[in-house]
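The values are calculated or read from the model by the stated rules, or taken from the named source; none is laboratory data. Nothing here was measured: the structure is a model prediction, and the numbers come from that model. When we count neighbours, we look across all protein chains shown, and the Cβ atoms used for this are built from the backbone with ideal geometry, even at glycine. Note: accessible area is taken over every heavy atom of the protein model, side chains too, but ligands, DNA and RNA are not part of it. Shrake-Rupley method; radii C 1.70, N 1.55, O 1.52, S 1.80 Å.
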Amino acid sequence: QVQLVESGGGLVQPGGSLRLSCAPSSSIFSFVSMGWYRQAPGNQRESVATVTNGGSTSYANSVKGRFTISRDNAKNTVNLQMNSLKPEDTAVYYCRADRAIATFWGQGTQVTVSS
């Protein structure tokens, strides 16, 4: 069973930055893709950013130009750099990892953007 451990959430003021990190229990290259999702109270879980095994990235329109997903091969982590944060970015952020026949989720980390 694959485990995904997220870290880096917290409370930040509007306009601030946070960096989330996801550390899987197996190599990041053992997955077809990895990504970050978020879920705000009363909303469905939505995709924020993904990176494929080949290095292709994609972003939700709402975070383009502000968020960057990246892989740290040495640390075996997938990271989400979040800049220019807005109150509407407040949510629980989840790491997701996909293989051909299985999907794995982390436990989630809270991000709160508030003054």
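Could you check the stretch 83-107 and list, in sequence order, the residues that are open to solvent by 20 Å² or more (accessible area, probe 1.4 Å) and in a loop (DSSP other than H, G, I, E, B)?
ASN83, SER84, LYS86, THR90, ALA100, ILE101, GLN107
Could you tell me which numbered condition ARG38 fails, if it satisfies all but one of (1) within 21 Å of GLN107 (Cβ to Cβ); (2) surrounded by fewer than 20 Cβ atoms within 10 Å (Cβ to Cβ); (3) among the charged types (D, E, K, R)?
(2)
Which of the residues spanning the stretch 10-35 are part of a loop (DSSP other than H, G, I, E, B) and surrounded by fewer than 17 Cβ atoms within 10 Å (Cβ to Cβ)?
The answer is GLN13, PRO14, GLY15, GLY16, SER17, SER25, SER26, SER27, VAL32.
Going through the stretch 72-115 one residue at a time, which ones are among the β-branched types (Val, Ile, Thr) and more than 14 Å from PHE29 (Cα to Cα)?
Step one: filter the stretch 72-115 for residues among the β-branched types (Val, Ile, Thr), giving 77-78, 90, 92, 101, 103, 109, 111-113.
The answer is THR90, VAL92, ILE101, THR103, THR109, VAL111, THR112, VAL113.
Where residues in the stretch 41-69 are within 16 Å of SER27 (Cα to Cα) and either more than 12 Å from the chain's Cα centre (by Cα) or open to solvent by 40 Å² or more (accessible area, probe 1.4 Å) (or both), which of them is modelled with the highest pLDDT?
Applying the filter and picking the extreme gives THR52.
Taking the condition of being over 17 Å from GLY8 (Cβ atoms) and in contact with a strand residue (DSSP E or B) (Cβ under 8 Å, 6 or more places away or on another chain), how many residues in the stretch 98-108 meet it?
Of the residues in that region, 3 qualify.
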